[in-house]
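Colleague: Structure below; questions to follow.
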C-alpha cells in the first residue's frame, strides 16, 4: 500500500473516526481539526495508538513544533474568570454612590450588558493570545461559544490546553461569590425572604417606578438618582417597614420622599409619597 492509500484512523471526543488517507489526515492536522495530542493509528502501529505529533511527516521539517500547553499565556483567561467578582464590586461601589439605576431603572439591563461585554472582551483577548502562541488548534471553532456561552468557551479552551476543568470551576465559584456580595451588601438584591430592605434593589426600583405617579408630582418628573436611603421604623408584627430618602428628579430638584413597605396575604405593597405630605 502506498502512503496515499494507507488507511488511518483517529479519535476525537472518544469516537473512532476513519479510515482516511495520510494526506487527508495531515490536512486535518494542519487546519486544526486534529491537534498534536489527537490519537491516530495505522496498521504499522500494531496495538498502539500514537499522538499525531509523533507521526513522521505530519508536519513540515522546517516548521517549528507546537509550543507546549504550559507555555501558553493565560493572563486573559484569569481575567475572564475574575469578571463576576469585579462586576459585583463595581455594582456595589456604584450603588453606594447613589447610582440606584445601575441594575434597575432608566437603562434596563445595563448590569447584564456590562457583564456580557466584559466577558466577551476578555474571552476574545484570550483567544487572540492563544492563537498568537501558535496554538490555533486550542481555540478553533470557539468564537460562537464566546458570543453565546462563555462558560462553554472556558471549559473547551481549558480542556484543549491541558488545564482541565479547574478554570470553569473557578469561574462558577467567582459567579456565586459575586452574587453573594451584591445580595449581602446594603442595597443588594432582594433575596425574597421577609420585607424588602429600604435600600434593596427591589425597593429602589419601586420608588423609581412609582415616583412619577405621586399625586402632587404635577410635572410627572422621573427619578434620576436616589440617595440618603434610611429606615425610619420596622414592625414584624404589623408587617410594615417605613423608609425615607431623597430623590433627585429630571427637573434637577432634590425631593424628600417617604416609602412604606407592607405585607398583606403574602404580597408586598409599596407606597411612595413626598415626605411631609
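Colleague: Need the failing condition index for residue 15 against (1) modelled with pLDDT of 90 or more; (2) surrounded by fewer than 11 Cβ atoms within 10 Å (Cβ to Cβ); (3) under 26 Å from residue 67 (Cβ atoms), just the number.
Modeller: For residue 15, the failing item is (3).
Colleague: Please name all residue pairs, on different chains or six or more residues apart, with Cβ atoms under 8 Å, provided the first residue is in region 36-51 and is at pLDDT below 90 and the second residue is loosely packed, with under 13 Cβ neighbours inside 10 Å.
Modeller: Between residues of region 36-51 that are at pLDDT below 90 and residues that are loosely packed, with under 13 Cβ neighbours inside 10 Å, the close pairs are 36/65.
Colleague: Right, next: Among the listed residues 5, 35, identify the single one that is assigned to a loop (DSSP other than H, G, I, E, B) and surrounded by 15 or more Cβ atoms within 10 Å (Cβ to Cβ). Can you show your working first?
Modeller: Values: 5 fails: surrounded by 15 or more Cβ atoms within 10 Å (Cβ to Cβ).
Only one candidate passes the filter, namely 35.
Colleague: Name the strands (runs of 3 or more DSSP E) wholly inside region 192-277 in which the number of residues that are surrounded by fewer than 16 Cβ atoms within 10 Å (Cβ to Cβ) and under 33 Å from the mean Cα position of the chain (by Cα) is 1 or more.
Modeller: Details: elements: 223-235, 240-249, 254-264, 267-274.
Correct list: 223-235, 267-274.
Colleague: Residues that are modelled with pLDDT under 90, within 30 Å of residue 33 (Cα to Cα) and touching a strand residue (DSSP E or B) at 6+ places or on another chain (Cβ under 9 Å): does region 58-80 have at least one? Steps first, please.
Modeller: Going through region 58-80, the residues modelled with pLDDT under 90 turn out to be 58-73.
Then keep just the ones that are within 30 Å of residue 33 (Cα to Cα); that gives 58-73.
When the remaining residues are screened for being touching a strand residue (DSSP E or B) at 6+ places or on another chain (Cβ under 9 Å), the result is 58.
For region 58-80, residues modelled with pLDDT under 90, within 30 Å of residue 33 (Cα to Cα) and touching a strand residue (DSSP E or B) at 6+ places or on another chain (Cβ under 9 Å): present.
Colleague: If you check every pair at least six apart or on different chains, which have Cβ atoms under 6 Å apart with a residue in region 215-226 that is at positive phi first and a residue that is not in a loop (DSSP other than H, G, I, E, B) second?
Modeller: The qualifying pairs are 220/212.
The values are calculated or read from the model by the stated rules, or taken from the named source; none is laboratory data. Only a predicted model underlies this, so the values are computations on that prediction, with no experimental measurement involved. All Cβ positions, even for glycine, are placed from backbone atoms using ideal geometry, and neighbour counts span all protein chains on display.
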